[in-house]
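Take a look at the structure below.
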Amino acid sequence: MNSSPAAASLHLDRNWGLVAAGALMGCVAVGVVFSLAVLLQPMSTATGWSRAGLSSAMTLAFLSMGFAGFGWGMLSDRYGPRRIVLAGSLLLGLACVLASRAQTLLQFQLTYGVLMGVAVSSFFAPVMSATAASFERRRNIAISLVSAGVGVAPMTMSPLVAWLGTQHDWRSTLVIVGVIAWALTLPAVWFVRVAPGVAAAAAGNGGGGTPEMTASQAFRSRAFIVLALAFFACCAAHSGPIFHTVSYAIGCGLPMTAAVTIYSMEGAAGLGGRLLFGLLADRFGAKPVLVVGLAVQGLAAAAYLQANQLSGFYAVAIVFGIAYGGTMPLYASLAREAFGPRILGSVLGAAGMLSSLGMALGPLIGGWLYDRYGSYTWLYIGSMALGLAAAAIALQFPTAPRKKGDRLTPVLQG
């Protein structure tokens, strides 16, 4: 009875090729979608399109990421992650090429916004659910390493895009970025495969004595509702500062190349934060680490208002990056603790849909506030409030340990 789970656990904790491929794909996908943050000012100058209009492309990207991510997650549960990320890789480069040919703001919003979001979303719920299901004893560090790819993007893709922007116009830059995306993600598709033991674990309901709950039941459980709401508020809190801090720093007198390094500093700190928070979660539990990280994230966002020189921006970026980067992998860890591998793609896809709605708020509201008031002050104050709210919500996540064979019960009827 006990030998089977032990053997499965030993076999599961070996799928490091999936971890490496997931980290690479996450790095490229996030680097591509956030290229708009680097190109925002030159694009606005060259085209005459407003910052709010351009920022709304990012909003559309996150909206489509959310809805498409839910669909990708469900398809991944049925067909496996490899087919999903192959489709996403093809769409990612295509979105860049089509966006580079946009002649109107609407065309740009549809290609860089909607199509890009559909492409990028294919790399998250399917890969994260496969990773969470493919590891047992080393689950937290595996998830953190996959998520670390997102943190590498500001240190790699963003400086590359900034340099390309100094050598080419924004249209040529996007074409080059699309070709790079194809060259990096398509070969990595081969390594996206779940461990052989995952199917057996799912069939055995993770070793439990009762049938695993359905996705519909999971969506009505307290664990999912709290997890999704905290994820939403967390992403709403940090998306605005991530997207607009480069432009804010330029407005404070920093040159573009120096301002981009602030974004890179956030990414470097986020990379360390992912690994640090993963280790802390193994020791103290994911929930308390998540709550503290969310509170620190909110306070750090407001601290940007006190920065006016590069050293001050760096100091805040380190704290902010550690906090927002470290919290992101913990949602997948909590989800795997509460739900079985058979529905994990659907659960993470649905939670990701709400988080993407949160990510969509920051760029849009930040651009609107800047166009209306000529300042980002209210953006950073609002981010602080949302960060603290996310911490309060996360406190409500159920922490009582489940006994073997126990099931989470829906808190809503229907």
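Laboratory data are not the source of any read-out in this text; all were calculated from the coordinates shown. Treat the numbers as computed from the prediction; the structure is a model and nothing was measured. A quick note on method: Cβ atoms are made from the backbone with ideal geometry, for glycine too, and the neighbour counts reach across all protein chains shown.
Worth a mention:
- Glu266, Glu136 arranged by Cβ crowding within 10 Å, fewest neighbours leading: Glu136, Glu266
- Values of log10 I(q)/I(0) for region 90-145 across q = 0.23, 0.31 Å⁻¹ run -0.78, -1.09, by the Debye formula with one identical scatterer at each alpha carbon and no solvent.
- When you count the other C-beta atoms within 10 angstrom of each residue and take the mean per peptide, 345-355, 292-302 line up highest first as 345-355, 292-302.
- Farthest toward positive dipole pole in the chain [+1 Lys/Arg, -1 Asp/Glu at C-beta], among Gly345, Phe62, Ala119: Gly345
- Dimensions of region 1-147 from C-alpha coordinates, computed as largest minus smallest value along each principal axis and given longest first, are 67, 26, 20 Å.
- GNM result for the chain, Cα springs below 10 Å: residue of Thr173, Thr261, Thr377 fluctuating most strongly: Thr377
- Cα-based helix-to-principal-axis angle, 81-100 vs the chain, degrees rounded to 10: 10 degrees
- Computed over the chain, the per-residue total of -39500 (n - 2.57) for DSSP H runs of n ≥ 4 gives a 222 nm mean residue ellipticity of -26500 deg cm²/dmol, rounded to 500.
- Taking Trp163, Trp72, Trp170 and counting other C-beta atoms within 10 Å, the order from fewest to most: Trp163, Trp170, Trp72
- When Arg139, Arg193 are arranged by Cβ crowding within 10 Å, least crowded first, meaning fewest neighbours, the order is Arg193, Arg139.
- Cα-based convex hull volume of region 236-292 per residue, rounded to whole Å³: 77 Å³
- Region 3-394 - charge dipole about Cα centre, Lys and Arg +1 at Cβ, Asp and Glu -1, debye rounded to 20: 500 debye
- Gaussian network model of the chain, springs between alpha carbon atoms under 10 Å - residue of Val179, Val30, Val319 with greatest fluctuation: Val179
- Over region 234-382, the fraction of Cα-Cα pairs per 5 Å bin, rounded to whole percents and listed from the shortest bin up, is 2, 10, 18, 20, 19, 13, 9, 5, 3, 1, 0.
- Legend: calculated FRET efficiency, Leu106 to Ser172, from the Cβ-Cβ distance at R0 = 22 Å, rounded to 0.05, equals 0.50.
- Angle in degrees between helix 256-284 and the longest Cα principal axis of the chain, rounded to the nearest 10: 20 degrees
- Helix axis angle, 344-373 relative to the chain longest principal axis, alpha carbon, degrees: 20 degrees
- Taking N as its residue count, the alpha carbon Rg of the chain over 2.2 N^0.38 Å: 0.94
- Residues whose amide H falls under 5 Å from that of Ser221, counting only those 5 or more places apart or on a different chain, are Val411, with hydrogens built in the peptide plane.
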